[in-house]
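Single-structure report; data block below.
Quick note: the coordinates plus some simple rules give every number you see, no bench work behind them. Just so it is clear, the structure is predicted and the values come from calculations on it, not from any experiment. Using ideal geometry, Cβ is built from the backbone for each residue, glycine included, and neighbour counts are taken over all protein chains shown.
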Amino acid sequence: MPYDKPRDIFGMYVFDRRAMRERLPRDIYDTLIASIEVGQKLDASIADMVAAAMKEWALSKGATHYTHWFHPRTDLTAEKHMAFLSADENGLPMESFKGKELVQSEPDASSFPSGGIRSTFEARGYSAWDPTSPAFVVTSRKGGTLCIPSVFISYDGTPLDLKTPLMKSLDAVESRALRLLKLFGNRGLRWAKVTVGAEQEYFLVDGERARKRPDLQFCGRTIIGCQPPKGQQMEDHYFGAIPPRVLAYMEDVERDLYRLGVVITTRHNEAAPCQFEFAPQFSEANLACDQNQLVMETMRKMARRHDLMLLLHEKPFAGLNGSGKHINFSIQDSDGKNVLKPSTNHRKNIQFLTFLSALLLGLSRYSPLLRASIASPGNMHRLGGHEAPPPIMSVYLGNTLATIMERIEQGLPESFPGKSLIDLGLNRLPEIRADNTDRNRTAPIAFTGNKFEFRAPGASQSIAGPLTMILSIWAWGLDQMCSRIEARLGGGDVVDAALEAIRYAAQESRNIRFEGNAYSQEWHDEARRRGLSIANTTPEALALYLVPEHRQLLSDLHVMTDRETSAYYEIRLEQYIKTVEIEMGILHSMVWEGILPALTKQIVLEGQSLSAIEGKINIDTQPWMGFTERLCTLKSGLLTSIEHLDNLRKTIQDKPIEKQAQVLTEEGLPLYEAIRGMCDAAESITAASVWPYPTYRDLLYIS
Ligand code: ADP
Ligand code: MG
């Protein structure tokens, strides 16, 4: 069968530099590229030319519509399609797309979450083109849509999206990174940019079976279901051979993503049955954020075509691993050098340690903001569970670096070991170079050789939220390091001044550095002793946004004003409440529509079989009676608890959101757990022929 070579189709639906070069006059192209590279505002006079070129290009790809494509605070993307086609004064068709339509559009903002920033009577919102992320065409069955990556702001300029704060945090960290690079005498640098690669974990289940479960359809996770006899205990899925049906799906996803200019470098089976992962090649942060949304969207669409259901929920199945999104990040300068890459040059290594220390220093003070940034309804079920980082933010550096930091802290000369070689003791194989970091998969934040990896974000989250917080924290740390170095520098050597600052950061960051097993109870106890914040629930974690010094940091860096931070908190808390309420509503209907009738059927069957044999066969019927009694007990238990849950949902309706969240978390969730326990007990003793829903065993198998 003929197939498209990745190289031939790569970027064919992206209005990238190659497409721009072909269609724009040289001077216009140069102006556009310059404004993209240094993040300058685009000159309005060239917008018409760019729009015309973009329209011609999009039409040649089959597009019939265009849309500003933006990231409201739902963790999804939004689009409102506009036709290129209009009729002129003679009623004749024409295709038009002006500079002003490219640069700005005015979608009704009233139905997006804003946390009270914008009331419906001032519904106007603006979306504005962000030229740092290229436009692209998404094809559909009968055409396509030109998507213009945009930011989304309210009438008075207040951001309503996830992108604007991200871009502000990028400005904050990148300007400070450049300041530090210059302190180290790097000349002629034009910029420093954050690089990001987001690994995406996900589950795939058979579409037909999954659609028989309202919980999977409406909540994206199973809210009931007892453990299958074979889950992941054999550890035979991780990196196993990819099932052919899934591989066919992956290939189709990859092909569509190549066309959109997204490089997927890695695909593999993850630890749980039916769990998989894609990892892209890293790119500039803003683009990585858009690309991760494209990855999720393409995966969703393709799943439908393959009659699969994609689950991006953080914990689709109790008792199995959940899905995360590992955000790998670093900073690269305009010479292409990665600031987190250790070097053989002493001075460069001190520079590397300064960047590293800046993040540690920031985290020692503001790590609760990271905890807040990954608080979501789904992630609450994942964090602290099977092979997922705990809700305590700590950093793992690896043996080598941890030792170096300790030596510097004690005022001893720092010494960098050369890369050690692992002798495999096998003559036939080459020696393998050992990374200077060993793996510790238990830490929420880990240094992994030449980048940091933040492992705690949830699989369904936009990376924009967590990234905004990491970068703000790093920006603060860089500021501190720069100021310390500048204050000490005088006419002396930057290395000595930097070492002094690193020593300070090493001391300050003791609290958040932990090299041991972060999954263990000892670490929880130790973290409590160290006074680290431990927010177990989503409402507790979200409340960390409201801590005055956290708000202050965000407003000092111009990432979010105080009012925006409150609004952001409110949106997240409302999202939590609504999600829990929907889950409880679905639980209610599954119990009434499916589980109680199944129990009734089983009870009737038992009664019928008992009366059929009674007095005819000489057998002890006590166990049979006992069994029927268990079924009846479960049925009454369910009836009572579901009523409690319904009442609870009614009582909170007019309460303030904090109170709603508190009642749902402290009373609602334990009640839900109890109901689930009864449902799962019922499932385990009911005939398959009367059980209404596909079970874990049915779902967790894919050919
Ligand atoms: P891991 O270290 O998790 O086993 P990889 O080496 O495959 O995995 O890297 C994971 C992700 O990190 C990939 O998406 C990769 O592109 C990204 N990555 C690698 N280097 C950098 C960097 N300098 N900045 C940001 N992301 C990076
Ligand atoms: Mg990784």
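Worth a mention:
- Cβ-based exposure ranking for Val591, Val263, Val690, Val38, in which fewest neighbours within 10 Å come first: Val38, Val690, Val263, Val591
- Distance from the alpha carbon centroid of region 537-564 to that of region 187-215 works out to 26 angstrom.
- Cross-link reach list, lysines versus Lys650, counting only Cα pairs under 29 Å and skipping chain neighbours closer than eight places: Lys212, Lys315, Lys578, Lys635, Lys659
- For region 220-311, fraction of C-alpha pairs farther apart than 15 Å, in %: 65
- The spacing between region 459-500 and region 616-662, judged by their C-alpha centroids, is 55 Å.
- Each of Val173, Val604 has some number of other Cβ atoms within 10 Å of its Cβ, and from fewest to most they run Val604, Val173.
- Each residue in Thr222, Thr67, Thr640, Thr139 was given a count of other beta-carbon atoms within 10 angstrom of its own, and listing them fewest first yields Thr640, Thr139, Thr67, Thr222.
- Ranked from largest, the principal axis spans of the Cα set of region 477-604 equal 90, 39, 21 Å.
- Using θ = phi - 60° and Karplus 6.51 cos²θ - 1.76 cosθ + 1.60, couplings along region 96-101 (whole Hz; Gly, Pro as x): 9, 7, 9, x, 5, 6
- Environment charge of Ala375, counting only residues whose C-beta is closer than 10 Å and scoring Lys/Arg +1, Asp/Glu -1: +1
- With q set to 0.08, 0.09, 0.10 Å⁻¹, the log10 of I(q)/I(0) for the chain, from the Debye formula over equal scatterers at the Cα positions, is -0.71, -0.88, -1.07.
- Sequence-distant residues sharing a close amide H with Val395 (under 5 Å, placed H): Arg513, Phe514
- Coordinate range of the alpha-carbon atoms in region 166-293 per principal axis, descending: 62, 30, 29 Å.
- The alpha-carbon positions of region 6-160 define a convex hull whose volume is 155 Å³ per residue.
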